[in-house]
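The values are calculated or read from the model by the stated rules, or taken from the named source; none is laboratory data. Just so it is clear, the model here is predicted, and its values are computed rather than measured. Ideal geometry is used to build each Cβ from the backbone, glycine not excepted, and the neighbour counts take in all protein chains shown. Keep in mind that these areas ignore ligands, DNA and RNA; they rest on the heavy atoms of the full protein, side chains included. Shrake-Rupley method; radii C 1.70, N 1.55, O 1.52, S 1.80 Å.
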Amino acid sequence: MRSLRVLQGLVLVCILLIPVLIFMFLRGFGKNEYDLPIFFQNGVDNPFLECPISDSTQHVIPEFSFASQEGTRIGRKEMEGKITIVDFFFTSCPSICPVMSKEMERVNDMFRDEPKVQIFSISIDPEFDTPEILKQYADDHQAIPGKWHFLSGPKEETYRLARCGFVLPALDGNGVPDDFVHSDKFILVDEMGRIRGYYSGTNREDVDLLMLETKVLLYGKSK
């Protein structure tokens with residue numbers, strides 16, 4: 001009988017401890033921080049000397065201002081205080097761009113009601129991709145006005161921005177769609193103009209990760 005009472009007492013103690021253990025677990029979990037990297041904290045390597053000489057401090061996106069599909073000027077100034085998701089593309093692209101744009105539609109839809117998140121899709125074929133062409137492309141992909149900006153600027157500045165600002169490869173195809181070279185990456189840039197992530201725009205799981213990490217910048221804590 002005594003052993004039974006001892007056993008019953010132990011069971012009761014365990015039952016009473018369960019809420020305490022759950023509380024301690026949740027409290028500890030709430031203090032965890034998502035390790036979201038900050039890229040190029042010591043500057044960017046410039047092995048081919050194609051970019052302006054920079055120091056070894058934190059790299060941020062440089063100044064630029066391009067024409068949007070709405071005929072307005074959009075650039076670095078409009079990135080201040082916002083999270084910006086960027087890709088490079090061109091409307092006549094026969095390979096990866098259609099997939100990238102379909103994936104960016106999901107990003108566009110995910111953050112449609114979040115004013116602190118915006119998208120820049122920058123053309124690497126600005127001679128063909130006029131604001132009128134970009135407007136039609138934007139409409140075809142249900143781009144939300146004021147949310148998803150399709151941009152074109154001077155060719156040399158565009159390629160310098162891709163290589164030296166967003167640190168991505170880009171080669172001019174001189175009007176031949178199959179000869180253009182650009183990255184499939186979506187770039188996550190924080191409110192301070194720092195690059196926080198690169199994600200394949202042709203990989204659905206990578207784009208899911210981009211959306212998750214965008215939410216971390218918006219709502220969560222990151223190191």
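Miscellaneous remarks
- Among the residues of region 107-143, those identified as open to solvent by less than 70 Å² (accessible area, probe 1.4 Å), among the hydrophobic types (A, V, I, L, M, F, W, C) and either in a helix (DSSP H, G or I) or modelled with pLDDT under 95 (or both) are V107, I124, I133, L134, A138.
- Whenever a residue of region 45-71 is modelled with pLDDT of 85 or more, its partners that are among the basic types (K, R) and open to solvent by 90 Å² or more (accessible area, probe 1.4 Å), lying with C-beta atoms within less than 6 angstrom and at least six residues away or across chains, give the pairs S65/R73.
- Residues within region 105-131 that are in contact (Cβ under 8 Å) with a residue 40 or more places away in the chain and among the acidic types (D, E), tallied: 3
- Pairs with Cβ under 8 Å, 6+ apart, first in region 148-171 and touching a residue at least 60 places away in the same chain (Cβ under 8 Å), second among the β-branched types (V, I, T) and part of a helix (DSSP H, G or I): S152/T158; A170/T158
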